[in-house]
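One structure below.
The values are calculated or read from the model by the stated rules, or taken from the named source; none is laboratory data. Here the structure is a predicted model, which is why all the values come from computation and not from measurement. Because the Cβ atoms are built from the backbone with ideal geometry, glycine has one as well, and the counts that use them run over all protein chains shown.
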Amino acid sequence: MSPPTSLWWDTLPAGLALPLGTRLDADESADVVIVGAGYTGLWTAYYLLTGSPGIRVAIVEAEHTGFGASGRNGGWCSALFPASLSAIARTSSRDDAVRMQRAMNDTVDEVGRVASREGWDIDWAKGGTIIAARTPLQWERAQESVRDARSWGFGEDDLALLGASEARGILDATDVLGATYTPHCAAIHPARLVRSLARTVVQLGARLYEDSPVSSLQPGIVRTPHGSVRAPYVVRATEGYTATLPGHRRDLAPVYSLMLATEPLDADEWERIGLARRTTFSDGRHLIVYGQRTADGRLAFGGRGAPYHFGSRVREEYNREPKVFRELWRTLTDMFPHLAGRAVTHTWGGPLGVPRDWFASCGLDRASGLAWSGGYVGDGVGTSNLGGRTLADLIAGRDSDLVTLPWVGHRSPPWEPEPVRWLGANVGLRVMGSADDVEQRTGKPARRARVFSRFLGE
């Protein structure tokens, strides 16, 4: 196994770090072959194996299980879906948009139910999410987001508006004017989840082939340098690494998100910060940040801002952006100034998959047997579970409510060819970051952020 790439790998119990698979060294056959041993591929395998006993499932992974975002993310098992309700309604209907969000809300609890049933210790804490408003403009946007939720029929039990004192009772950051709060999120240890899930899938009978990079993914066959797997159904579950597959370079843009973690904090410091129920947190800025209180008492904090690399290149050295880590630490200590003298023990990152219209999707082309799920834009801990359940129903031919959700069969347009893709993605990152600076300095909304949101299809 490669050296740890995140806090999560560094704090993984020894039993969960044991090797789970072998290299594919011969030609094999299966009923379903899945490319990618992250959340999406493993959840698909789990629901296939538990719902269709006797089915032959093979999983092919370029590195080791959980190598990608599944072992590096912020640990939010949330109900967030990257496309807005309005965007979903435009492609389907208003009722379908609401149904999609309800399915996402239920998915958070489904992950918790499976973890409990299977006996996985994943540091589960369903404390919800608080998004603090720390400027007057952020407070206006918070109020608007709640009004919008009400217009779709979602009540206070789904999204509540908190005043300043109530918000600070949960998250005592600086300059908090209020917040929104949703209960539909759990803090988890993501590497514990992906490795526990993988171990269970192998015990259920899946064949797991690690260190087996895919050179070709085609109807009926997946090829690697040392062997192939033939199967009627081929599932692409590669998310931020999709662009590395031949023929898929423009499907999903790999955009990097980076994180840091503090040393464990003492009880007095947590008394000053809050997050007693391990509520996940963010604030209302344009350039996304996200954090959680870990089960061992650290702050794990991340955000966007790392550059997109020309040609959708994905390399491990891109996880190291000192400027971004410095900005993350500046942001965190701006929220909690008393942390300034504390140590940062871990810094890491990795790519997430972004579709051109920011609309996650899953589906099965019955004519070719090719299936996929992805494009989660960083919200994949929960969405991947929904994708896995849906793909299992599609492959098994089950006529469930899941297979009629509006993201099923959605086809995002391809990203522009280079250099337009490179220019657009990196200009966008600069625009969203500078929009926060403009708003902080002037107190007025940054029109440039709205313009670029339309470019991204939000």
If you take the residues in the range 1-11 that are surrounded by fewer than 20 Cβ atoms within 10 Å (Cβ to Cβ) and either outside any helix (DSSP H, G or I) or in contact with a Lys or Arg (Cβ under 6 Å, 6 or more places away or on another chain) (or both), which one is modelled with the highest pLDDT?
T11
When only residues in the range 363-374 that are in contact (Cβ under 8 Å) with a residue 40 or more places away in the chain and farther than 21 Å from A198 by Cα count, which is farthest from the chain's Cα centre (by Cα)?
S368
Does the range 235-248 hold any residues that are farther than 11 Å from G41 by Cα and of a type in the set (A, V, I, L, M, F, W, C), and which are they?
A243, L245
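Each row is one residue, and each column tells you yes or no for (1) of a type in the set (S, T, N, Q); (2) over 30 Å from R430 (Cβ atoms); (3) buried (at least 24 other Cβ atoms within 10 Å of the Cβ); (4) touching a strand residue (DSSP E or B) at 6+ places or on another chain (Cβ under 6 Å).
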{"site": "G205", "(1), (2), (3), (4)": "no, yes, no, no"}
{"site": "P225", "(1), (2), (3), (4)": "no, yes, no, no"}
{"site": "R230", "(1), (2), (3), (4)": "no, yes, no, yes"}
{"site": "Y256", "(1), (2), (3), (4)": "no, no, no, yes"}
{"site": "E263", "(1), (2), (3), (4)": "no, yes, no, yes"}
{"site": "D283", "(1), (2), (3), (4)": "no, no, yes, yes"}
{"site": "H286", "(1), (2), (3), (4)": "no, no, no, no"}
Which is closer than 18 Å to I122 by Cβ and at pLDDT 95 or above, of G36, G51, G21, G75?
G75
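This table checks each residue for (1) buried (at least 20 other Cβ atoms within 10 Å of the Cβ); (2) of a type outside the set (D, E); (3) in contact with a Gly (Cβ under 8 Å, 6 or more places away or on another chain).
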| position | (1), (2), (3) |
| --- | --- |
| S151 | no, yes, no |
| S165 | no, yes, no |
| G169 | no, yes, yes |
| D172 | no, no, yes |
| V176 | yes, yes, no |
| A179 | yes, yes, no |
| C185 | yes, yes, yes |
| I188 | yes, yes, yes |
| A191 | yes, yes, yes |
Out of G71, G75, sole residue that is among the small types (G, A, S), surrounded by 21 or more Cβ atoms within 10 Å (Cβ to Cβ), touching a residue at least 60 places away in the same chain (Cβ under 8 Å) and at positive phi:
G75
I'd like to check something: does the range 325-347 contain any residue that is under 24 Å from Y241 (Cα atoms), surrounded by 22 or more Cβ atoms within 10 Å (Cβ to Cβ) and touching a Leu at 6+ places or on another chain (Cβ under 8 Å)?
no
Tabulated pairs, the range 284-307, first over 19 Å from T135 (Cβ atoms), second basic (K, R), C-beta under 6 angstrom, 6+ apart or interchain:
R293/R278
The lone condition A237 fails out of (1) in contact with a Ser or Thr (Cβ under 9 Å, 6 or more places away or on another chain); (2) surrounded by fewer than 16 Cβ atoms within 10 Å (Cβ to Cβ); (3) closer than 27 Å to A87 by Cα is (2)
Just the residues that are on the phi > 0 side of the Ramachandran plot and in contact (Cβ under 8 Å) with a residue 24 or more places away in the chain, please, taken from the range 375-397.
G375, V377, G378
Checking L24 against (1) within 29 Å of S257 (Cβ to Cβ); (2) out of contact with any helix residue (DSSP H, G or I) (no Cβ under 7 Å at 6 or more places or on another chain); (3) buried (at least 24 other Cβ atoms within 10 Å of the Cβ); (4) of a type in the set (A, V, I, L, M, F, W, C): exactly one of these is not met. Which one?
(1)
Residue in the range 332-362 that is farthest from T11 (Cα to Cα), counting only those that are within 23 Å of the chain's Cα centre (by Cα) and small (G, A, S)
S361
Within the range 285-341, tally of residues that are of a type in the set (A, V, I, L, M), touching a Phe, Trp or Tyr at 6+ places or on another chain (Cβ under 8 Å) and at pLDDT below 95:
2
Go over the candidates G38, G75, G71, G51 one by one and state the one that is of a type outside the set (S, T, Y) and over 28 Å from I130 (Cβ atoms).
G51
Tally up the residues in the range 152-177 that are closer than 21 Å to L332 by Cα and in a loop (DSSP other than H, G, I, E, B), please.
6
